[in-house]
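Step one of this worksheet: look at the structure below.
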């Protein structure tokens, strides 16, 4: 049977990313029809406001103007995640911090500069020694100039954005460029065939709708992959302990400073994200309700926002932490929150959705007979990606030396640390990490990501200073680059205002 009709169930960022990836990949197959079905009764969660640099390549491939994107989606530039108070305040000082930067050193610099920093007894901030972006972030600079072409920059960057507006932009692009159909109707049930695959969708107003292939982007509801196909869920709450978030949007003044990074501030049972858009901040208080009551969480978020009781309305989001045992089953694939969710740290939700949708587009089945082999390939790749993301997220918690609560102490318990991560940490106690430690093309986070977190959190690696290559000249050169960038890069809000007024040069 030829696969011609594709249904994407669910809109939001996940659904419309999938629509664009598939629309672009299958645009030369005239027989293909893609329909995105979105319920008018269900509002998207819309809290995924942070991205990673790979999103630039994706948007450019869709033919979306960066200027239009910035103007229409309340975009700000993101160059880093600044982690505040993830280490013990008594040892490292109040408001201790480190940066996970996006502008990474070359692979040679990664090894040599890391070893040099360790040989100097870890003096100063690791990120400052290996990348000029540290100072650019701390001084509030943009990653590019108004004369820099779209999707290019003096420094690597991603974005903060309004998730609802982003979905609308992706929706318009998918429909106008790739002919994706948009159907507003509520899917009330899923009808299965004799072989256990999906036969059709029962809808509230449009009867039964039959397609050849189905993509589940229905969020936490997981209408197809869970409720209909009964694919088991792998719970990782024994590794990642946070399970609840309080979310709020806080208006800001038009002339307020916009940090060019996400702020992630740790507290005694989790952490707080703080993302600045041009006219508001998106703030989320992430915590473990096994270690902190909901009432205490609300009080602490009130305090963070500067008052005894906030004037703003908090939205509580329970987080089911884990991912599907299979992501592709028969004629259905899950993407986005239907595939799984770990937590908002490191913006993994949009990252994994973008990765999976692009991967699907590269090898989309033409005939039903191709499903088993492609299913196996997809599940293998995505299973590896998800498990490695668990390792990277857990890294932030198990390296912390905070002693102020059971939450942080429990996060260092070996029983909560994946064996794969334990093995790497044991090796890195004696060897500086190298690129060969990350041997799979399906790693989502690589060497430099781990270096910024490992040594930002003061991880100890034994080295012999006599064997270390002298990198003084390279460090001096990086300082000169840093000074030049600070002299020429504009302040963050100033650049955004220019882009909104004049636009960027076309890529």
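Coordinate-derived values only; no laboratory data. Note that this is a predicted model, so its numbers are computed, not measured. Counting neighbours? That spans all protein chains shown, and the Cβs are built from the backbone with ideal geometry, glycine included.
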Exercise. If one computes the Cα centroid of region 325-340 and of region 100-168, what distance in Å separates the two points?
Worked result: 33 Å
For this session: Run through every distinct alpha carbon pair of region 393-502 and return the Kirkwood hydrodynamic radius in angstroms, one decimal place.
Result: 17.7 Å
Exercise. What fraction of the DSSP beta bridges in the chain is antiparallel, stated in percent and rounded to the nearest 5?
Worked result: 70 percent
Exercise. To the nearest 10 degrees, how steeply does helix 447-456 sit against the main Cα axis of the chain, on a 0 to 90 scale?
Worked result: 50 degrees
For this session: Pairs of Cα atoms under 8 Å, at least six residues apart: use those to get the relative contact order of region 137-265, whole percent.
Result: 18 percent
For this session: Express in % the proportion of alpha carbon pairs of region 1-99 at distances exceeding 19 Å.
Result: 62 percent
For this session: Would you please put 433-440, 329-336 in order of how densely packed they are, using the mean number of other Cβ atoms within 10 angstrom per residue and starting with the highest?
Result: 329-336, 433-440
Exercise. Quick one: length gained pulling residue 27 to residue 88 fully straight, 0.36 nm per residue minus the C-alpha distance?
Worked result: 16.6 nm
Exercise. Quick one: Cα centre-to-centre distance for region 273-300 and region 430-465, in angstrom?
Worked result: 30 Å
Problem set entry | Segment residue 206-residue 483, length gained on full extension (0.36 nm per residue, minus Cα span) | 93.5 nm
Seminar exercise, completed: Fewest-first ordering of 190, 130, 52 by Cβ atoms within 10 Å yields 190, 52, 130
Seminar exercise, completed: Percent antiparallel among DSSP beta bridges confined to region 1-123, nearest 5, equals 50 percent
For this session: Could I have the simple spin-label model distance between residue 41 and residue 373, label points 7 Å from Cα toward Cβ, reported in nm to one decimal?
Result: 4.3 nm
Exercise. What angle do you read, to the nearest 10 degrees and between 0 and 90, between the alpha-carbon axis of helix 12-25 and the longest principal axis of the chain?
Worked result: 70 degrees
For this session: At a temperature of 25 °C and a viscosity of 0.890 mPa s, determine how fast region 455-507 diffuses translationally according to Stokes-Einstein, using the Kirkwood radius over alpha-carbon pairs as Rh; express D in µm²/s, rounded to the nearest whole number.
Result: 159 µm²/s
Problem set entry | Estimated translational D of region 204-323 in µm²/s (Stokes, Kirkwood radius over Cα pairs; 4 °C; 1.567 mPa s) | 76 µm²/s
Exercise. What angle, in degrees between 0 and 90 and rounded to the nearest 10, separates the Cα long axis of helix 419-428 from the longest principal axis of the Cα atoms of the chain?
Worked result: 30 degrees
Exercise. Dividing the Cα convex hull volume of the chain by residue count, how many Å³ per residue is that?
Worked result: 152 Å³
Exercise. Over region 1-62, what relative contact order in percent results from Cα pairs under 8 Å that are six or more residues apart?
Worked result: 41 percent
Exercise. Normalised by the residues of region 276-360, what does the relative contact order come to in percent, with Cα pairs under 8 Å and at least six apart?
Worked result: 17 percent
